[in-house]
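Below: the structure, in C-alpha cells.
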C-alpha cells in the first residue's frame, strides 16, 4: 500500500467516524437528566382532603370515581357506592410517591418508557379532580419496572417477573419523569374493582321457599331452629331427602358476594321477568326475597334482592330485675337495635340495584326439588342401608 492509498483510507475512516458521532449526537439531542429529586415527593403539596374525584383513562376506557357529599361513587355503575378503603389506599400511595432512580429523558425515550398519552399510546392517565371538578394534578403511568424472571437466581426463576416499580410523568411535564418504587397495579379503569362489596347477610335461616317457573321443581324447607335439620315441606312417603344437600341451606347467603352491578338492566333479556325466586325467613324476624335470572357469560347470574324485618324495639324487663342489671341490659338492647336498624337501612338501599353474581354464591337456590333427593345410584350401592346383598365371596345358605 502506497502513501496515497493510506491517506485515502484514513480520510474515509475519519469521515465514517464523524458521521457516526453526528448520528449519535442527533439521537441523544434533547436528552437530559430528569429534574425529579431522588427521594422527593412527586406530588408535593397535594391536599388529598380537597379532592372531589379520580379519573383513570387507559386507551378508550375511562373510569370516574366521584365524591358526592361524604360518599364516593362510581359513575360508570350508575353512581353505585365506591370502596372508600380502596380510594384512600390509592390516594395515599400517590401522595407518598418518590423518585427512586434518576432517568435520562427526552421525547424519543417516552415511547420506550410507555409514557404516551392513552389516546396515542399505552400510558395510563390518572387525574385528580379538585372541588370544581377540574383536573388539579395528573400522573401518566408508563412501563412497569420488574424483578425476577428466567435469569433471576432467586424466587423469580420459579414465579416469573413481578412489578416493583413504574415510570411516571407528573402533570404532562417531561422534566418530571421518574422511576418510582410503587407499580400502582390497581390503576385500571375497571369499575367492578372499585365497587363497595358490602352486600347483605342472611343469619340463622329457618324457612326457605324456592319457586321455579315449572311448579314441580319448586320446594320448601323448614326447621325449628338454627341447629336442627331441615324438613322438606309436603314430603311424600317415597321421598328420600338427602340431608347433606339440604344442609347447604343452613349457610345460605351467610356471606354472599357479587362480581359487578348491572346498569339499566332489562328484565326480559336477563330472565328477571320470570325468575327463580327464593323467600328466606330467619329466626330473628328477617325476610329476604331473592330473584335469580338466566345465566350470563362466565357462568354468572343477574340477582335482585329485597330485605324486610320485624324488629323488636322495646325490651321486656325480667321478673325482679335489679336496677343496675336493667341499665346494663337496656344499653345492650339499645346497641343491638341500633346495629339492626343500620343493617336494615343499608340492605334496603342496596336492594334497588341488580347484581351480577357467581354461580357458587347462589347455587342452592338454583336446585330443583328432585335434586334434593338421595341419588338413586348411591342409594342402591353395596353397603347402603337399603341395599340387599350377601357378603361378597360367600354362599347364601338361606336359599
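No value in this document is a laboratory result; all are computed from the given coordinates. Worth saying up front: this structure is predicted, and the values here are computed from it rather than measured. Every residue, glycine as well, gets a Cβ built from its backbone with ideal geometry; the counts of neighbours run over all protein chains shown.
Okay, here's what the table says:
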read-out: Cα gyration tensor shape for segment 208-276, rounded if a/c is under 1.5, else prolate or oblate; value: oblate
read-out: Three-way shape call for segment 239-376 based on the alpha-carbon gyration tensor, with the a/c threshold at 1.5; value: oblate
read-out: 5 Å binning of all Cα-Cα separations within segment 287-358, expressed as whole percents from 0 upward; value: 3, 14, 17, 13, 12, 10, 9, 7, 6, 5, 3, 2, 0
read-out: Rh by Kirkwood over Cα pairs, then Stokes-Einstein D for segment 32-194 at 1.567 mPa s and 4 °C, µm²/s; value: 78 µm²/s
read-out: Segment 308-346 versus segment 180-253: alpha-carbon centroid distance in Å; value: 28 Å
read-out: Pairwise FRET efficiency - residue 370 versus residue 269, Cβ, R0 = 25 Å, nearest 0.05; value: 0.30
